[in-house]
1. With a ≥ b ≥ c taken as the square roots of the eigenvalues of the C-alpha gyration tensor of chain C, please select rounded if a/c is under 1.5 and otherwise prolate if a/b is larger than b/c or oblate if it is not?
2. Starting from a Cα-only point model with no solvent, please compute log10 I(q)/I(0) by Debye for region B:180-284 at q = 0.19, 0.20 1/Å.
3. Grab the DSSP H runs of chain C that are 4 residues or longer, score each as -39,500 (n - 2.57), total them, divide by all residues and round the 222 nm result to the nearest 500 deg cm²/dmol.
4. Taking beta carbons within 10 Å but only from partner chains, what does the mean come to for residues C:260-273?
5. I want to verify a result. In a Gaussian network model of chain B, Cα cutoff 10 Å, which of these has the top mean-square fluctuation: B:GLN380, B:GLN128, B:GLN158?
6. Where the centroid of each part is defined by its Cα atoms, how far is region C:20-58 from region A:210-289 in Å?
7. Using amide H atoms built 1.01 Å from N in the peptide plane, name the residues 5+ places from B:GLY151, or on other chains, whose amide H lies under 5 Å from its own.
8. Between the helical axis of C:142-162 and the dominant principal axis of chain C, each derived from Cα atoms, what acute angle in degrees is found, rounded to the nearest 10?
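No value in this document is a laboratory result; all are computed from the given coordinates. Here the structure is a predicted model, which is why all the values come from computation and not from measurement. Heads up, the Cβs are rebuilt from the backbone with ideal geometry, glycines too, and the neighbour counts pull from every protein chain shown.
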Amino acid sequence: MDVFFNQAFTGLSTASILLLVALGLAIIYGAMGVINLAHGEFVMLGAYAAWFLQSFLGIGLFLGLPLVFVFVALLGLAIERGLVRWLYHRPLDTILATWGVGIVLQQLVRMIAGPDSRYVERPAMLDGNLRIADVYMSNYRIFLLFFSVAVLVATWYLMTRTEFGTKLRAVIQNREISECYGIRTERVYALTFAYGAGLAGIAGALITPLASVTPGMGTNLVVDAFLVVIVGGVGSLLGTAAASGLVGEATALFSFLLNDTIGRVAVLMAIIVLIRFWPQGLFADRIRR
Amino acid sequence: MKRRNFLKGVAAAGAAGAAGFPGIWIKGEGMAHAANGEIPVGVLFSLTGPVAVVESTLHDACMLAIEEINANGGVNGMKLRPYVEDPASDPATFADRVRRLVIRDKCVSVFGSYTSASRQAVLPVVEQRNNLYWYPTLYEGRECSRNVMYGGAVPNQQQQEFVPWLAEKFGKRFYLIGNNYVYPREENNVCKILLDRLGGEVANEEYVPLGHSDFGSAINRIRREEPDVIFCTLVGDSDVAFQRQLHAAGFDPGEMPVASLTRSEIEVKAMGGEAAAGNFSSAPYFMAHQSAANERFVEAYLKRYGSDQVTHFVSEAAYFQVYQFKAAVEQLARSDIDPISIRDAAVGLRTTAPQGEIEIDPNLHTHLWPKIGQWQSDGQARVLVESDKRVAPEPYWAYDGQSCTAEGLVKG
Amino acid sequence: MNQNFRFDCVGYALFAALVLLAVPWYLSFDGFELNTFARYLALGMVAMALALSWGYAGILNLGQAATFGIGAYIMAMHLKLGASAANPGGLPDFMGWTNVETLPWFWVPFHSLTVTLLAGVLLPAAVAGVIGTFMFRGRITGVFVAIITLALLVAIQLVFVEYQMYTGGQNGLTGLAPLVLAGWTADPYSTAFYYFVAGCLLVATAACVALTRSKVGLILRAIKENPDRVRFFGYHVSSFETVVFCISAMIAGWAGMLYVLVLEFASPTYMGVPFSLAIVIWCAVGGRNSLVAAALGGIVVNILEGRLSDLFVEGWTLFLGVTFILVVLFMPDGLFGVFRRIATRLHERLRRHRNSTGKALPTGAGAVPARAGEQGGQ
């Protein structure tokens, strides 16, 4: 039985990381249909920002989080203003442009911070394990789990309970009519993009204690995050969360029954079938677009 | 001179043909090597892409050696002229760039690459053009090209002492975990043979995809199996992620150490000394190794590339191979400098490397000084065991009746 | 025979002249230089295959590299068996190392060259047929097609890497024999081999251009514009989509086979996500609305990569990324758009010239279309 619970926790932990990475992507894709392949690089920049703050300014991981968020969000804002806003009317082209942005960001980081991998220290208070019977849960992973849920709730609040969120939802539903009502859609888009980028930055900073920080670290993450967003359903935060949970748990289950590679293949196949039969996602967004 | 080269070409073609290589395409070309007092050499390490994390340090070490040699008057009065290419961590690009180096730039040797996949991608070009490829990385063995100088350890050099030592100190139940490609599988084959001789057992053998970074499931399995030793052939990011997660999960290296064949100072730097402390690696070189040659190497390296950098067992080989190349070229007349003459001159050469005095075997692999190091929290290894003699490379150690010799692979 | 078709023909002729005459002449018929260029041609071919499904039918296949890779592995298996003939049981070396005792059944047919050549195009087509039927029957379009094909690509690559006792794993298939085709040994460093690859590219391009000019091509363009209306006309939309998806896969598989001949090894990176996205980039740079331009895009971007990495070893990918961004921003139709504009202007000037000299050209059906590639070609 302890095997079951151990694996279940592993799945949840995978899911929480996926959720953190995918949330920003879901907002950007859901709100403006931009397929942001540079999202992985935003994650990577968040990780590097955390590394920079820690090793040069001595600011710890938690204290640094707001700074990381602001830094990556500003960068996202610049990219939106400079590039992405010209492409809203041809969304498939954003794939190419953001791929180019990704290459540029990777190379810039490689040239500035060096190509070798970097190290960020885990906050000491989260060392160790919580042990219940024979179930071991790393404190840091538990923290990640709660944190990702908190980010989800905060984002949900922002989207549904604030004026900005109301405007954003109006713009998503009908951009022209929103403009008629005096909503500055350009600004809404820009801020949304920045917020999504900032979330990616936080995700990057928080995964540093579990993985290595390299210029190419984002590339692997972006494909998985995308699958999660699509499976969850466009524009649905709850869907993204549910899909993260599902993919995380399925990965843990399959990789325990089979092995890590074949487990991943099985999950990918399941995702393909899900998209085929529920292209609108688990939690369909019932807005006519 | 042309005629002599031609004869050499024919002889090499014959040898290559006998070894099973398609040698029919070797063309007699006018070898204008070492013209105008410069010796062109290729430097082929990825500066971009995922493998750049390691390969850029090999590039640095290789360039350092070239700069040092040139600053000290070059080779027989000639300077080395490095042609640098960036193969971007992609095998197809490796194949493309090595063509440029060998054909367009007429390099007499190419120093390059870290992964087995990239070595195999350049092999067809190097063999058909009868050039010489200096490969500094530890690898799985089972290869016997007459056009590659292998500077890294093969399985027998890394494991022959290591596995019995681990079995004696910690126990004979090993959990094998590695990335899913040829190197870890072959090392594990060798490890299983050694364990078998010792009467040990394998708790589990597990492979994860390259770049895999979530080891939750694997750690659960390890916890359940309770092995004596975690025998690890994970590379790069995977190794870093694995060790950090293992450490976060509270494993005690005193009871269940990670014994790695691939972990060097560079991975430890990325995972943090705290996470690695207490675990073991087997390698011919550690940065903390004490010798005059190593002091010079480390000092020059840090001075050139920054004091936060580290040297490791692959960058050491990338460095000493350039000196092996120099020693070989020094024995040749200026008109004789071509890849095959360099290779033939290099066999049997002894040079002083940071790890100790090394020697090139007729099979083109290198006699090395295996060591066992224990990682400390400052990110350096303390060398616990040092081989008392040079260990000969046996790339076909695990395969009875096959051996790599000066005539290529011999079976039976 | 309208101007669109004439434009295609002129473009094709120029492309053929470039590939067959200008390039070999520029490289002074040097076998090794031509070998490098033959690699670009194979990559141009797979970009052209993508343009067929993306530009003409609106199917954005992010998994194009999968079918390319399958073709590549099939060719490599045949060549590997050729190189392993002397081994006990004809067993490839890497199988011996992974304790495989006998040749697996799915390797056996590839002793035969005929089977290999057929399988190299038909197997990718079959894979595309299955996944295409699966997707298009469910009226999956746009970004969902992109995501499904991407997921499939990742899965296929994982499988190829995982079962290394049968596929050579991460290292792929190396140490291959040369291809012997009807008594001719394909030496990848010969001029003849270059013309062989160039011929394949030109034949495939001609076939695809012919397809897009046929009635099928017209219906495909209509589907791209509005699938529902085509459906109302009684056409079976998903069948058309599946067919073009399969043909695109066949060309990709063919290109994969050529690629292995050029590079002399097969690697799982041929099925990687970066490679697959690169194909999309080439297609976009060339212009997805023209097959010839897409092929040219593949060639041009690869030349550019080669040159940039030569000039700026340290930061060449920076320039590459910036180039992509600029192309997307300022050349939405890629090189094709630029050519098109030049051609249109030339045509205008010619017409004005003729008009002024009194030989009036009939206006109407034959006049310059408003937008490239969007008018019917009957």
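1. Details: a/c = 1.98, a/b = 1.52, b/c = 1.30.
Cα axes put chain C in the prolate bin.
2. Log10 I(q)/I(0), no solvent term: -1.00, -1.12.
3. Details: 16 runs with 261 residues, N = 378.
Theoretical 222 nm ellipticity from helices: -23000 deg cm²/dmol.
4. Numbers: counts 0, 0, 3, 9, 7, 9, 1, 9, 4, 7, 3, 0, 1, 4.
Per residue, the number of nearby Cβ atoms from other chains is 4 on average.
5. Evaluated over chain B, the most mobile residue of the options is B:GLN128.
6. Result: 37 Å between the Cα centres.
7. B:TYR135, B:THR137
8. Computed tilt is about 20 degrees.
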